[in-house]
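Undergrad: Please see the structure below; I have some questions.
The values are calculated or read from the model by the stated rules, or taken from the named source; none is laboratory data. Just so it is clear, the model here is predicted, and its values are computed rather than measured. Don't worry about glycine lacking a Cβ; one is built from the backbone with ideal geometry, like all the others, and counts go over all protein chains shown. What goes into the accessible areas is simple: the full protein's heavy atoms, side chains included, and nothing from ligands, DNA or RNA. Shrake-Rupley method; radii C 1.70, N 1.55, O 1.52, S 1.80 Å.
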Amino acid sequence: MFLKIENLKMQFGGLIAVNDVSINVEKGEIHGLIGPNGSGKTTIFNVLSGYYKPSGGKIVFDGKTISNLPAYQITAAGFARTFQNLRLFSSMTVLDNVLVGMGHHAKTGLWKTILNPVAVQREENIFIEKAMNFLNLLEVADFANELATSLPYGSQRRVEIARALATDPQIILLDEPAAGLNEIETEKLREILMKIQNTGVTILLVEHDMKLVMGICDVITVLDYGKKIAEGTGAAISNDPVVIEAYLGQEDL
Ligand code: ADP
Ligand code: MG
C-alpha cells in the first residue's frame, strides 16, 4: 500500500478532532476526503504533513512509518501540500514564489557566485526551466513575472499548486483548492488535476465542491465528527443514507 493511515487519532485537550480513522491511498489515484465543516479534514492534512504529532495510530508511506518524523523529513519523503487559505508571498513574482518553494535561493552561495558565475547561472537556469514547466502545467506561465497577488484569485490558487509540485512530491495534499473559484475556474482546475494525475503524482483532495469531487475522485472517504463514516466511489457515497444524513443542514453544500 502506498499510503496507509492506521487508526489515526488527534486530540486537542478534550476535543477528539480525528477519531480512529484508517484510510488507504493507492499510488496514482485521486482520493477525495470530504465531510461537513469541523469533521477533521484539515487536521488529517496537518498530521500527514508533520505539523502535529498524532495522539494515536500511525501513518505508513511506501512501507516506512512517517508519523514520528519531523515535517521537513516528511516533505523529503515526498509529501507536498497547499493550504485552505492562500499562502503566497505577496511581494514576490509568480516565478519567485515557485523558486522559493524549491528551496532554490538557499542554494546559491555568495562565494560560489563570485568564483564561478557561469556555473551558478547555469544552475539557476535549470531551476527556472523547471519552475516554468510547472507554471505551464498549471496554465499560469504567462504571469511568471507578475506579482503573485496581482493575479485573479483562481490563478493564485494554481500558482500555489505549482509551488507544491515543484518540490517533486509523490503525493500532494490539496485543501479546498476550489474554494472561492467560479464555475469556469473550477472546470479549469478539474482539467489541471487530471493532468497532474497523469504525471503520476497521487492526489489527496479535500473539497466541498461535490460536482468536482464526484467527477474526479477514484475513491472518496467521508468523515463526520472526526470519524470515518463511509468510503467508496462517488456513486456509492452519494446514495449512502449515512452520508446524506451527515450533510443535512449544511447550507454551503
Ligand atoms: P475541517 O477541515 O474538516 O473543517 P478541522 O480539521 O479544521 O475540520 O477541525 C476539526 C476539529 O478540530 C474542529 O472542531 C476544530 O475546531 C478542531 N481543531 C482543529 N485544529 C485545532 C487546534 N490546533 N486546537 C484545537 N482544536 C482544533
Ligand atoms: Mg478544513
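Undergrad: Helix 153-165 versus the longest principal axis of the chain: what is the Cα-based angle in degrees, 0 to 90, to the nearest 10?
TA: Relative to the chain, helix 153-165 is tipped by roughly 80 degrees.
Undergrad: Same structure again: Only Cα pairs within less than 10 Å get springs; with that Gaussian network setup on the chain, which residue of 128, 44, 34 has the largest fluctuation?
TA: Among 128, 44, 34, the largest GNM mean-square fluctuation belongs to 128.
Undergrad: I would also like to ask the following. Expressed as a whole number of Å, what is the distance separating the alpha-carbon centroids of the stretch 74-97 and the stretch 167-222?
TA: If you average the Cα positions of each part, the centres end up 16 Å apart.
Undergrad: Can I ask one more? Whole number in Å², please: accessible area per residue of the stretch 79-201, 1.4 Å probe, ligands, DNA and RNA not counted.
TA: It amounts to 50 Å² per residue over the stretch 79-201.
Undergrad: Dimensions of the stretch 108-253 along principal axes (Cα, Å, largest first)?
TA: 68, 28, 26
Undergrad: Each residue of the stretch 127-143 in order: what ³J(HN,Hα) in whole Hz does its phi give by Karplus 6.51 cos²θ - 1.76 cosθ + 1.60, θ = phi - 60°, with x for Gly and Pro?
TA: Using θ = phi - 60°, the values come out as 4, 5, 4, 5, 4, 5, 4, 6, 5, 5, 4, 8, 6, 10, 4, 4, 9 Hz.
Undergrad: Using only the alpha-carbon atoms, how far is helix 183-198 inclined from the longest principal axis of the chain? Give it as 0 to 90 degrees, nearest 10.
TA: The two axes meet at around 80 degrees.
Undergrad: Let me ask you something else. If you add up the charges near residue 188, with Lys and Arg at +1 and Asp and Glu at -1, over every other residue whose beta carbon is less than 12 angstrom from its beta carbon, what do you get?
TA: -1
Undergrad: Using modelled amide H (1.01 Å from N, peptide plane; none on Pro or chain starts), what sits under 5 Å from the amide H of residue 138, excluding residues fewer than 5 places away?
TA: Here nothing satisfies the definition.
Undergrad: Continuing with this model, one more query. Arrange the residues 89, 45 by how much accessible surface each exposes, largest first, with a 1.4 angstrom probe.
TA: If we order 89, 45 from most to least accessible, we get 89, 45.
Undergrad: For residue 10, what is the net charge nearby, where nearby means another residue's Cβ is under 11 Å from its Cβ and Lys, Arg count +1, Asp, Glu -1?
TA: +1
Undergrad: Also: Where the accessible area of the stretch 121-240 is counted over protein heavy atoms with a 1.4 Å probe, how much of it, in %, is carbon and sulfur?
TA: With neighbouring chains kept in place, the figure for the stretch 121-240 is 50 percent.
Undergrad: Hey, what did the chain get for relative contact order, percent, Cα under 8 Å, at least 6 apart? Intermediate values should be presented prior to the final figure.
TA: Details: 461 pairs, mean separation 67.8, N = 253.
With pairs under 8 Å counted, the relative contact order is 27 percent.
Undergrad: Okay, moving on. What number, in percent, do you get for the relative contact order of the stretch 88-167 if the mean sequence gap of Cα pairs under 8 Å and at least 6 apart is divided by its residue count?
TA: Details: 86 pairs, mean separation 40.6, N = 80.
After rounding, I find 51 percent.
Undergrad: For the stretch 179-231, just say rounded, prolate or oblate: build the C-alpha gyration tensor, square-root its eigenvalues into a ≥ b ≥ c, call rounded for a/c under 1.5, and beyond that prolate if a/b exceeds b/c, oblate if not. Let's see the in-between values first.
TA: Working: a/c = 2.57, a/b = 1.40, b/c = 1.84.
Note, shape of the stretch 179-231 comes out oblate.
Undergrad: Right, another one. Go ahead and set up a Gaussian network model of the chain, Cα springs under 10 Å, then flag whichever of 113, 65, 42 fluctuates most.
TA: 113
Undergrad: Highest GNM mean-square fluctuation, the chain, Cα pairs closer than 10 Å: which of 50, 180, 40?
TA: Result for the chain, Cα springs under 10 Å: 180 fluctuates most.
Undergrad: Label-point separation (nm) for residue 92 and residue 145, each offset 7 Å from Cα along Cα-to-Cβ?
TA: Going from the residue 92 label point to the residue 145 one covers 1.9 nm.
Undergrad: Moving on. For the stretch 88-167, just the Cα set please: Rg and Dmax, both in angstrom.
TA: Cα radius of gyration and Dmax of the stretch 88-167 are 13.0, 42 Å respectively.
Undergrad: Next question, about the same structure. Using protein chains only and a probe of 1.4 angstrom, how many square angstrom of residue 218 are accessible, to the nearest 10?
TA: Surface accessible to solvent at residue 218 totals approximately 70 Å².
Undergrad: Moving to a separate point now. List the lysines whose Cα lies under 18 Å from the Cα of residue 64, skipping any in the same chain that are fewer than 8 positions away.
TA: In chain and number order, the partners are 4, 27, 53.
Undergrad: Which translational diffusion coefficient, to the nearest whole µm²/s, is obtained for the stretch 1-153 from the Stokes-Einstein equation, given a Kirkwood hydrodynamic radius over C-alpha pairs, 25 °C and 0.890 mPa s?
TA: Roughly 135 µm²/s, to the nearest whole number.
Undergrad: For residue 130, list the aspartates and glutamates whose Cα falls under 13 Å from its own Cα; do not include residues on the same chain fewer than 8 positions away.
TA: In chain and number order, the partners are 96, 168.
Undergrad: Still on this structure, please answer the following. With a Förster radius of 22 Å, plug the Cβ-Cβ distance of residue 236 and residue 195 into 1/(1 + (r/R0)^6) and report the FRET value to the nearest 0.05. Can you show the working numbers first?
TA: On the way: r = 26 Å, r/R0 = 1.19.
With R0 = 22 Å, the Cβ-Cβ based efficiency is 0.25.
Undergrad: The stretch 4-56: Rg/Rh from Cα coordinates, Kirkwood Rh? Can you show the working numbers first?
TA: On the way: Rg = 11.2 Å, Rh = 11.7 Å.
Value, to two decimals: 0.96.
Undergrad: Let me know the longest stretch in the chain that avoids all trypsin sites (Lys or Arg not before Pro) found in a DSSP loop with at most 14 other C-beta atoms within 10 Å.
TA: Longest run free of exposed loop sites: 108-253.
Undergrad: Next question, about the same structure. Which pairs in the list 58/228; 41/211; 9/195; 58/195 are over 23 Å apart, alpha-carbon to alpha-carbon? Write down the numbers at each step before the final one.
TA: Details: 58/228 16 Å; 41/211 18 Å; 9/195 33 Å; 58/195 31 Å.
From 58/228; 41/211; 9/195; 58/195, over 23 Å: 9/195; 58/195.
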